[in-house]
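*Asks:* Pasting a structure here, questions to come.
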Amino acid sequence: MTLAGTGNALFHLGAGTLSLNLTPGRASAPGVFVAPGALGLAIGIYLGNTGQFSIWPCLVLLAPLTCLIAALQPPAIDYQRAASRDDAPMRWVLAALLLLLVCVAVRSRIGTALVFPWKFDAAWPIALTAAVVLGKGVGGCLADRFGWARVAVGALALSIPLLIFAPHIVPLAIVGVLLFNMTMPVTLAATANLLRGRPGLAFGLTCLALEVGAWPGKLHGGGWNGANVEWLALAALLVSLAALYLGLRLAFARLPERFARVRA
């Protein structure tokens with residue numbers, strides 16, 4: 001278990017660093033990189049719950065993929081950017097970074113707490129997984145095209161009424177999940193832009209924020225309990241939305257040199 005966890009962490013940091021440098025400063029490649037993870041997680045949970053999991057097919061797939069990755073020419077990583085000076089006050093960097101990580105952590109908690117009564121009915125789990133994958137995959141591309149704040153903040157805001165007031169209406173809830181996940185590539189890429197020249201640290205911090213947000217759910221069984229669940233979830237979503245908006249606004253307003261390659 002320790003070796004598997006360590007290998008998983010190292011792969012995420014290494015491959016995440018490469019994805020951030022495939023489209024430097026932008027959110028498209030990181031979004032495409034993280035999107036299949038939701039599909040793999042869903043398949044793994046299903047196989048584990050049904051007792052059909054076998055390690056050998058995974059090894060057969062991973063071995064040639066590992067050799068192929070090793071043979072490919074990786075993108076250049078400009079670590080010297082960290083040493084370059086743009087006269088950006090560290091207080092603005094830390095403030096924007098904290099806001100973005102708060103958004104990630106709270107969003108992670110919401111993701112573990114949301115309850116969909118139809119989640120295990122018929123083919124709806126497949127549609128739900130597809131919404132997560134598609135949201136992360138296209139979110140970064142749309143943000144690069146139309147503006148980070150416009151797409152990420154807008155998508156998260158639009159997801160709130162769908163997730164809070166219509167979780168029992170399957171099509172609306174699935175659209176809400178898709179919109180909810182579109183913010184992920186932007187928070188990841190924005191964190192990397194704040195920590196210029198340190199893509200591995202940026203990816204690691206966002207992963208840590210995800211885990212911190214998920215811990216309460218793992219300790220207390222996932223969902224929220226009580227009569228005011230909807231209002232608690234609404235409050236958490238509004239906190240995440242405010243942190244995302246303020247973090248991006250602060251980053252673009254006070255640190256324009258670090259976000260020169262993207263549209264606000």
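The values are calculated or read from the model by the stated rules, or taken from the named source; none is laboratory data. Source: prediction; values computed, not measured. Because the Cβ atoms are built from the backbone with ideal geometry, glycine has one as well, and the counts that use them run over all protein chains shown.
*Asks:* Take region 27-64 and flag every residue that is at pLDDT below 90 and among the hydroxyl-bearing types (S, T, Y).
*Replies:* If the condition is that a residue be at pLDDT below 90 and among the hydroxyl-bearing types (S, T, Y), then Y46, T50, S54 are the ones that fit.
*Asks:* Here is a list: V170, V186. Which entry is of a type in the set (V, I, T) and buried (at least 24 other Cβ atoms within 10 Å of the Cβ)?
*Replies:* Going through V170, V186 in turn, the sole match is V186.
*Asks:* Here's a follow-up. Go through (1) in contact with a helix residue (DSSP H, G or I) (Cβ under 9 Å, 6 or more places away or on another chain); (2) modelled with pLDDT of 85 or more; (3) not β-branched (V, I, T) for P74 and report which single condition fails.
*Replies:* Only one criterion in (1) in contact with a helix residue (DSSP H, G or I) (Cβ under 9 Å, 6 or more places away or on another chain); (2) modelled with pLDDT of 85 or more; (3) not β-branched (V, I, T) is unmet by P74, namely (2).
*Asks:* Next question, about the same structure. Looking only at region 193-219, filter to residues that are surrounded by fewer than 17 Cβ atoms within 10 Å (Cβ to Cβ) and of a type in the set (D, E, K, R); which one of those is nearest to the chain's Cα centre (by Cα)?
*Replies:* Per the stated criteria, the residue is E211.
*Asks:* Tell me which helices (runs of 4 or more DSSP H) are completely within region 1-71 and hold 3 or more residues being surrounded by 11 or more Cβ atoms within 10 Å (Cβ to Cβ) and touching a residue at least 24 places away in the same chain (Cβ under 8 Å), or say none if there are none.
*Replies:* Working: elements: 2-22, 28-50, 55-71.
In region 1-71, the matching helices (runs of 4 or more DSSP H) lie at 2-22, 28-50.
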